[in-house]
Structure formats: structure tokens, C-alpha cells
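What follows is calculated from the coordinates using simple rules that are stated; it is not laboratory data. What you see is a predicted model; the values in this text were computed from it and never measured. Quick reminder, even Gly has a Cβ in these numbers, built from the backbone with ideal geometry, and neighbours come from all protein chains shown.
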Amino acid sequence: MKRFRDEWIDEWCQENGWTDLFVERCCNYWAFPPSSVMPLPIPNDTLRAIKSAKGMSDDEKSWTLVAIAISFLASIFCFILKNPLPITCAFGCVAFIVGHLEIEEF
């Protein structure tokens, strides 16, 4: 899951003089600092500041909406069927989604 939009990181790089941004994997952003010949990873403090300023990425928003929809539908089916199984299955699905939404160390 992408935690950042590439535009957010690129915007920060342009503001601070970093050049040639590239993404190694999903969340490893590298760029050349000012007057440097070797790329360095974007600092973790910077990534946290960008995340707190910009909020949730598009992937995170869509997964959150999916979790809400699953919970809502399971509640309706639980009421209609008078059976706790739909809400139990929904709990497992939503727990999986929330686990992926958890912010790990960058």
C-alpha cells in the first residue's frame, strides 16, 4: 500500500533542492541532496512531516471506505438474518485492513 503520493515527495524535493527522485520499493524514496554526488533516502522525519501535513493517501482512503462498507453491509445482514456470523466475518476482514493501514516505521 502506498503511504505517500509521489507528487508530495517530489514537491518537498523541489522546495529543498533535492533532485532526481526515485522510488526503490513501495515506501523507499531516494534523491540527490543539494550539491551531492550520491543519492540518499529521504529522511524519516521528513516523511513523517509530509504524512502529517498531507493526510491519507488515495490507497489508504479507498481501503478505509472498503472497511466501512464491509462493516455496514455485515451489520445489515446480521440484522436481516438474525445471525452473528456476518459481523464475525466482517470483523476478520476489517481487522486485516486495519493491520495494513497501521503506520509502520518508515
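What to note about this one:
- Length-normalised contact order for the range 58-101 - Cα pairs under 8 Å, 6+ apart - percent: 43 percent
- Cα lying deepest toward the dipole's positive end in the chain, options Pro86, Gln14, Ile103, charges on Cβ: Pro86
- The chain - charge dipole about Cα centre, Lys and Arg +1 at Cβ, Asp and Glu -1, debye rounded to 20: 560 debye
- Straight-line reach from Lys82: taking Cα to Cα under 18 Å and skipping same-chain neighbours fewer than 8 places apart, no lysines fall in range.
- When Rg and the Kirkwood radius Rh are both evaluated on Cα atoms of the chain, their ratio Rg/Rh stands at 1.20.
- Estimated inter-spin distance, Thr19 and Glu7, nm [label 7 Å along Cα→Cβ]: 2.5 nm
- CD proxy at 222 nm, helix term only [per DSSP H run n ≥ 4: -39500 (n - 2.57); per residue of the chain; nearest 500]: -19500 deg cm²/dmol
- Placing R0 at 25 angstrom, the Cβ-Cβ distance between Ser57 and Phe96 gives a FRET efficiency of 0.85 after rounding to 0.05.
- Degrees between helix 58-81 axis and first principal axis of the chain (Cα, 0 to 90, nearest 10): 0 degrees
- Take the chain and mark each of the GluC sites (Glu not before Pro) that is in a DSSP loop with at most 11 other Cβ atoms within 10 Å; the longest unmarked stretch, sites excluded, is 25-101.
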